[in-house]
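Peer 1: Just passing along the structure, written as structure tokens.
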Amino acid sequence: MFRIYLELGFTHILDLAAYDHLIFIVSLFAIFTLKEWKHSFWLVTAFTLGHSITLILAALDQVVFSSAIIEFLIPLTILITALHNVWFAYKSKLGAKSKQNAQYIMAAGFGLIHGSGFSNQFKSILMPDEGRQELIIQLLGFNVGIELAQIAIVLVLITSATIFQSIFKLSKKSWVIILSIIAAIISLNLLWETKFW
């Protein structure tokens with residue numbers, strides 16, 4: 001059972017139909033290269049912890065999330081993260097300690113929102129009439145799958161950043177601004193398409 005839900009969590013993140021989450025990961029990790037892989041790893045973990053909390057609460061029927069509000073908040077997190085990156089890029093403080101601390105807080109907080117987005121799909125694939133132990137296994141498998149997929153995406157992203165900045169001599173500032181502006185444009189389109197208006 002654990003392996004089934006691990007695969008479901010992994011493929012959920014890599015599903016191009018759910019590209020909003022991919023865009024958020026890109027905007028969140030746009031400022032990193034391979035040299036900063038340790039910080040990237042802990043940032044992924046902070047995000048995973050955040051969305052795991054809301055996923056667990058939703059699975060246990062402790063909270064109910066409005067899909068319309070969540071559909072609005074997820075692209076809003078992308079937009080805020082992208083603008084945050086551009087702001088710090090122009091201030092030349094991409095590697096500042098204060099920036100890193102802000103990233104941890106942002107990742108964990110926004111993880112709560114993205115976990116709400118995962119919750120509806122997760123509840124739909126729960127095996128019916130299973131006990132608490134089986135529910136824990138399903139939750140653990142799904143969350144581990146999400147974490148592994150996110151780590152894979154981040155590794156590809158920070159490797160690409162290293163290649164473009166080292167081989168093609170693209171400055172870190174330009175790399176961050178380009179990715180962040182693309183993410184911001186996509187997020188604005190997603191916001192426009194939501195049912196929140």
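The values are calculated or read from the model by the stated rules, or taken from the named source; none is laboratory data. Since we're looking at a predicted model, the values are computed, not measured. Please note: Cβ atoms are built from the backbone with ideal geometry, for glycine as well, and neighbour counts cover all protein chains shown. Calculation scope for accessible area: heavy atoms of the full protein, side chains included, ligands and nucleic acids excluded. Shrake-Rupley method; radii C 1.70, N 1.55, O 1.52, S 1.80 Å.
Peer 1: From the list Ile70, Ile78, Ile105, Ile74, which residue is open to solvent by 50 Å² or more (accessible area, probe 1.4 Å), at pLDDT 85 or above and within 16 Å of the chain's Cα centre (by Cα)?
Peer 2: Numbers: Ile70 fails: open to solvent by 50 Å² or more (accessible area, probe 1.4 Å); Ile78 fails: open to solvent by 50 Å² or more (accessible area, probe 1.4 Å); Ile74 fails: open to solvent by 50 Å² or more (accessible area, probe 1.4 Å).
After applying the criteria, what remains is Ile105.
Peer 1: Another question, then. If the requirement is being closer than 21 Å to Leu126 by Cβ and out of contact with any helix residue (DSSP H, G or I) (no Cβ under 9 Å at 6 or more places or on another chain), which of these qualifies: Ala58, Ala17, Ala68? Outline the logic, then answer.
Peer 2: Values: Ala58 fails: out of contact with any helix residue (DSSP H, G or I) (no Cβ under 9 Å at 6 or more places or on another chain); Ala68 fails: closer than 21 Å to Leu126 by Cβ.
The unique qualifying residue is Ala17.
Peer 1: Among all residue pairs at least 6 apart or on different chains, which show Cβ distances below 6 Å where the first residue, located in region 144-165, is farther than 15 Å from Thr11 by Cβ and open to solvent by 20 Å² or more (accessible area, probe 1.4 Å) and the second is outside any helix (DSSP H, G or I) and among the polar types (S, T, N, Q)?
Peer 2: Qualifying pairs under 6 Å: Thr162/Thr33.
Peer 1: Return the pair list, or none, for Cβ contacts closer than 8 Å from residues in region 90-115 that are under 18 Å from Ser180 (Cβ atoms) to residues that are modelled with pLDDT under 80 and assigned to a helix (DSSP H, G or I), at least 6 apart or on different chains.
Peer 2: Sorted first by the residue in region 90-115, then by its partner, the pairs are Lys93/Lys99.
Peer 1: While we're here: Quick test of your reading of the structure: Val63 fulfils all but one of (1) closer than 24 Å to Ala184 by Cβ; (2) in a loop (DSSP other than H, G, I, E, B). Name the failing condition by number.
Peer 2: It is condition (1) that Val63 fails.
Peer 1: What are the residues in region 167-178 that are free of Cβ contacts under 8 Å to residues at least 24 places away in the same chain and surrounded by 11 or more Cβ atoms within 10 Å (Cβ to Cβ), if any?
Peer 2: Applying the first criterion (free of Cβ contacts under 8 Å to residues at least 24 places away in the same chain) to region 167-178 yields 167-171, 174, 178.
The answer is Leu170, Ser171, Ser174, Ile178.
Peer 1: Select from region 179-197 the residues that are surrounded by fewer than 16 Cβ atoms within 10 Å (Cβ to Cβ) and of a type in the set (Val, Ile, Thr) and list them in ascending order.
Peer 2: Answer for region 179-197, where residues must be surrounded by fewer than 16 Cβ atoms within 10 Å (Cβ to Cβ) and of a type in the set (Val, Ile, Thr): Ile181, Ile182, Ile185.
Peer 1: Can you tell me which residue within region 1-44, out of those that are at pLDDT 85 or above and not in a helix (DSSP H, G or I), is surrounded by the fewest Cβ atoms within 10 Å (Cβ to Cβ)?
Peer 2: Thr33
Peer 1: I'm trying to understand the selection: among the residues of region 126-143, which are at pLDDT below 85, open to solvent by 50 Å² or more (accessible area, probe 1.4 Å) and part of a helix (DSSP H, G or I)? If you could, list the steps in order and put the result at the bottom.
Peer 2: Here is the first cut: in region 126-143, the residues at pLDDT below 85 are 126-136.
Those left that are additionally open to solvent by 50 Å² or more (accessible area, probe 1.4 Å): 127-130, 132-134, 136.
If the condition is that a residue be at pLDDT below 85, open to solvent by 50 Å² or more (accessible area, probe 1.4 Å) and part of a helix (DSSP H, G or I), then Arg132, Gln133, Glu134, Ile136 are the ones that fit.
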